[in-house]
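The values are calculated or read from the model by the stated rules, or taken from the named source; none is laboratory data. Given the structure is predicted, the values throughout are model-derived calculations rather than measurements.
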């Protein structure tokens, strides 16, 4: 029971042939794996590069804008201002 018989070896050989057999499937598999690693490294190096953007001045909202519509009575009550 401790050693493998001829039938065990035949099953192992058939499984290996199904997985890796015929016309360089193993080399194609390893080539695809290498291309995946290269693409991953390229993607990681692109993330490290600083992104150049145009520096635009920060936009602000002027709350006391000239020509602003007068506040309604409800808005004044909400702010605590009474006339």
Count of segment 43-81 residues which are at pLDDT 70 or above and in a helix (DSSP H, G or I): 11
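Would you call residue 23 more than 30 Å from the chain's Cα centre (by Cα) and modelled with pLDDT of 70 or more? Explain how you work it out, then say what you get.
Working: more than 30 Å from the chain's Cα centre (by Cα): yes; modelled with pLDDT of 70 or more: no.
Criteria not met by residue 23.
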